[in-house]
1. Considering just Cα atoms, how many Å³ per residue does the convex hull of chain A enclose?
2. For the protein assembly as shown, evaluate the Debye formula with one uniform point scatterer on each Cα (no solvent term) and list log10 I(q)/I(0) at q = 0.11, 0.15 Å⁻¹, rounded to two decimals.
3. How big is the charge dipole of chain B about its Cα centre, in debye rounded to the nearest 20, if each Lys and Arg gets +1 on its Cβ and each Asp and Glu gets -1 on its Cβ?
4. Take every Cα pair under 8 Å in chain B that's 6+ residues apart, average their separations, divide by the length, and report that relative contact order as a whole percent.
5. Could you work out the helix-only [θ] at 222 nm for the protein assembly as shown, with each DSSP H run of four or more residues adding -39,500 (n - 2.57) and the total divided by the number of residues, to the nearest 500 deg cm²/dmol?
2 protein chains.
Amino acid sequence: MANERLDLVFSTLSDATRRAVVERLVGGPASVTELAAPHDMALPTFMRHLKVLETAGLVRSVKKGRVRTCHIEAAPLMEVQGWLAWQRQVWEQRLDRLDALALSLEKDME
Amino acid sequence: MANERLDLVFSTLSDATRRAVVERLVGGPASVTELAAPHDMALPTFMRHLKVLETAGLVRSVKKGRVRTCHIEAAPLMEVQGWLAWQRQVWEQRLDRLDALALSLEKDME
DNA sequence: TTAACACTTAGCATAATCACTAAGTATCTA
DNA sequence: TAGATACTTAGTGATTATGCTAAGTGTTAA
């Protein structure tokens, strides 16, 4: 199960600055300057984070004149959610089996 | 919104080997040797991955005799799921507003 | 009581990540 | 058209991550 996309998306989301950009962009598109404003770092450094987000497919952008406008791409987030949902399902199934086992053991003691 | 726990959990899950360990452990506990078997790497290297998982709180382990048994801890996964669910909610609310806007524009054209 | 087993520690090499500054390009405004 | 604006590129340094081998510790089985 070598899913390189998941590697990329998880590692991209492991940085607080990049998660903050996602949190901002789910609310609607924004320019690079707008996105960078709340972050106390040099612009090239911030642009690097944006590039990481784009490489992971989490953000798309278009440049019009001198302004680059960024928007979120939901699909990769859904992929992560899917993986988590799968783990949760397997985990809960196991707990159910353990419950069933405990119940049957109780029954045996009657 | 500086959530260091999320940093840690996301970066931990950004590695395919570590995700594979999680996928194995949601099905039930296992020893280090068992966990390492499918992975083509030196044992100390694999142990390092396990340590990363433990540091992130995703895995707990107990040693009995010479065998260390590992099990999953679900809470950090839930935290990630929570963050994703939040983004999804904001995103869908925005889409709903856009839909409503489109509808009202259509109405205006009648 | 030896030998195998299951880790565990230590140390090292390579590569990736994250920050910076300095300087450059393209676009818009006055 | 001069200057401000909005990125963009290039280059540097520090830190962290991921892999390895070699050697060590404690436990169990023969």
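1. Per-residue hull volume (Cα only) is 132 Å³.
2. Taken in order of the listed q values, log10 I(q)/I(0) reads -0.67, -1.02.
3. Here the size comes out at about 1000 debye.
4. Working: 79 pairs, mean separation 29.6, N = 110.
It comes to 27 percent, rounded to a whole number.
5. Computed mean residue ellipticity for the protein assembly as shown: -21500 deg cm²/dmol.
Coordinate-derived values only; no laboratory data. Please read these numbers as outputs of a predicted model, since none were measured by experiment. Note: ideal-geometry Cβ built from the backbone for every residue, glycine included; neighbour counts use all protein chains shown.
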